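Okay, structure first, notes after.
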Amino acid sequence: MSDLPGDLMYTSEHEWLRREDDGSVTVGITDHAQSALGDLVYVELPEVDQELESGGDMAVVESVKAASDVYAPISGTVLAVNEELGDDPEKINADPYGEGWIVRVQPAEAIDEGALLAPKDYQTLLDEEDA
Amino acid sequence: MGAKTPLYEEHLAAGAKIVDFGGWDMPLHYGSQKEEHHAVRQAAGMFDVSHMTIVDLTGERVREFLRNLLANDVEKLQEPGKALYSAMLNEAGGVIDDLIVYFMDEEWFRLVVNAATRDKDLAWIRQHAEAFSVTVTEQTDRAMVAVQGPKARELAAACIDDEWREQALAMQPFFGMEAGDLFVARTGYTGEDGWEIVMPATRAAQIWKQFLAAGIAPCGLGARDTLRLEAAMNLYGSDMDEAVSPLEAGMGWTIAWEPTDRNFIGRGKLQEKKADPDRQRFVGLLLDDKGVLRNHQRVVVDGFGEGEITSGGFSPTIGRSIALARVPAGDYRQAQVDVRGKLLNVRIVPTPFVRNGKIKIEGEIK
């Protein structure tokens, strides 16, 4: 059973989003995703100020097993990247919703919540994957 | 659902993530692949390798048969129990499989071959055994556990009866011996000391539990792969196959060219390849940039041409990515690898990368 905070939004690609007070959005991968990938050894991050397009490439997370693309869940501009992942990618394994955050984005437009998953909908998706 | 080894229930009990491996349901890891890797380098780990195929060859002409079948020469095996690593080639000089052969006695040799190649190996061996009146018997109802690491033999020795234990502990590397209903060999696939132990399927769970209680960490196929990559041991199907010459897969040292009149299968084509000046090199790569090398990535050597990574991954011991690669002929020490469209810098380094817990790479690791 993976950890699933109730105050976040999720995607079917196993990413989470958190709205910050300043209107920016922090993005990471879910506990389920880090668990499936296993020990992370490298994270390829975007550049600050880079423009992201929803559904386009945003980052790559690599575990001992495999490389996995992380897609931008929304369009916007990269405000910050988690530089600490460069030396310590396992922060994602240890704390996927906290110190393991990946990117902070300034959304290009109002977030379309209909395109994202509420916690209970993401849980349903996980249950279906397990079945 | 795939085939299950006699230890399948033990894997579930230990929390294994199970994956399909050549038709077998095998443990990938039991939580952390990296911790399992370090356990083997620093102390002791155990792997269920019961999926591997054990074939006994018996008959008066068995030595003569194997001198024809294998590219290495079993004439090197004169002391009972001595083991030899060899390629088994087809007529075109490609690798049907790599295997270990044990000299049991003058009318009995034992082979351990890969799981994924079992059917074609057995067919090939049987096809050629007939002319030598050699009997081919697959050993079934067995389990095989590899205990590996600097403390592995010491921690595992209690499973061997008193009568045999001292002799087993004194056994030299690359020997095997029967110890009651066990077959114990000082071999492995990790670059560490240890044993591979063949046991009756009925005793497997009890011995596995005994090893667990002794503090030997259960390890999955994930750690097995990073350990063997650091040790620069080839993986059949990745580093070589029937379309690849052993001379282009780092297996030149396993070919016994002398005596020149020993006519093993594939010898003719192999000699042609040996004389070919454009023969590809098989090398170790160390990634100097950040990132991870993976199988099938393109290797670019300025002025020489292109090659391909055959096994790539992250080395938990070194803390950087390493790979085995087939690259163009020529004298050079630097190359680049195409990782998702970016050319990253790699150094060509001698192998193994790691042996007996120690990093063997010379020079600075950035």
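Computed from the coordinates by the stated procedures, all read-outs in this text should not be read as laboratory data. Here the structure is a predicted model, which means the values were calculated and not measured. Cβ placement follows ideal geometry from the backbone for every residue including glycine, while neighbour counts extend to all protein chains displayed.
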Quick calc: nm separation of the 7 Å Cα→Cβ label points for B:Thr202 and A:Lys120 -> 5.6
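Mean separation of Cα pairs under 8 Å and 6+ residues apart, divided by the residue count of chain B: what relative contact order is that in percent? Walk me through the intermediate numbers first.
Working: 836 pairs, mean separation 66.4, N = 366.
Result for chain B is 18 percent.
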For the protein assembly as shown, percent of DSSP beta bridges that are antiparallel (nearest 5) comes out at 95
Summing Lys, Arg as +1 and Asp, Glu as -1, what charge do residues with Cβ under 15 Å from the Cβ of B:Glu154 carry, B:Glu154 excluded?
-> +1
With a ≥ b ≥ c from the Cα gyration tensor eigenvalues, square-rooted, and the rule rounded for a/c under 1.5, otherwise prolate when a/b > b/c and oblate otherwise, chain B is oblate
Would you mind working out the magnitude of the charge dipole of region B:43-150 relative to its Cα centre, with +1 at each Lys and Arg C-beta and -1 at each Asp and Glu C-beta, to the nearest 20 Debye?
-> 180
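Report the full-extension gain for the segment B:Glu308 to B:Glu242: residue separation times 0.36 nm, less the Cα-Cα distance, to one decimal in nm. Each step should come with its number before you reach the end.
Numbers: separation 66, 0.36 × 66 = 23.76 nm, distance 1.70 nm.
Separation in residues times 0.36 nm, less the Cα-Cα distance, equals 22.1 nm.
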Of B:Ala13, B:Ile322, B:Ala156, whose Cα points farthest to the positive end of the dipole of the protein assembly as shown (charges on the beta-carbon: +1 Lys, Arg; -1 Asp, Glu; origin at the Cα centre)?
-> B:Ala156
Approximate spin-label separation B:Thr58-A:Ala67, in nm, with each point projected 7 Å along Cα-to-Cβ | 5.2
Neighbourhood net charge (10 Å Cβ-Cβ; Lys/Arg +1, Asp/Glu -1) for A:Val61 = -3
In debye, nearest 20, what is the charge dipole magnitude of chain B about its Cα centre with +1 on Lys and Arg Cβ and -1 on Asp and Glu Cβ, if you could check?
-> 1240
In region A:21-92, which GluC sites (Glu not before Pro) fall in coil by DSSP and have 15 or fewer other Cβ atoms within 10 Å?
-> A:Glu47, A:Glu53
Across B:Arg333, B:Arg126, B:Arg279, the residue with the highest GNM fluctuation in chain B (Cα network, 10 Å cutoff) is B:Arg333
In debye to the nearest 20, the charge dipole size for region B:271-335, taken about the Cα centre with +1 at each Lys and Arg Cβ and -1 at each Asp and Glu Cβ, equals 240
What nm distance separates the two modelled labels at B:Lys76 and B:Asp20, each placed 7 Å from Cα along Cα→Cβ?
-> 3.7
Among A:Leu126, B:Val147, B:Asn72 - extreme Cα towards positive end, dipole of the protein assembly as shown, charges at beta-carbon = B:Asn72
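Go ahead and run the numbers for FRET between A:Gln106 and B:Glu35, Cβ-Cβ distance against an R0 of 30 Å, rounding to 0.05. Each step should come with its number before you reach the end.
Values: r = 39 Å, r/R0 = 1.29.
Once the sixth-power term is evaluated, E becomes 0.20.
Where Lys and Arg each count +1 and Asp and Glu each count -1, what net charge lies around B:Asp105 among other residues with Cβ under 13 Å from its Cβ? Mind showing how you got there, number by number?
On the way: positive: B:Arg63, B:Lys82, B:Arg110; negative: B:Asp56, B:Glu60, B:Glu79, B:Glu106, B:Glu107, B:Glu178.
Residues near B:Asp105 contribute -3 overall.
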Any chance you could run the full-extension gain for B:Trp257 through B:Asp289? It's 0.36 nm times the residue separation minus the Cα-Cα distance, nm to one decimal.
-> 7.5 nm
Per DSSP H run of n ≥ 4, the term is -39500 (n - 2.57); total these for the protein assembly as shown, divide by its residue number, and report the mean residue ellipticity at 222 nm rounded to 500 deg cm²/dmol.
-> -6000 deg cm²/dmol
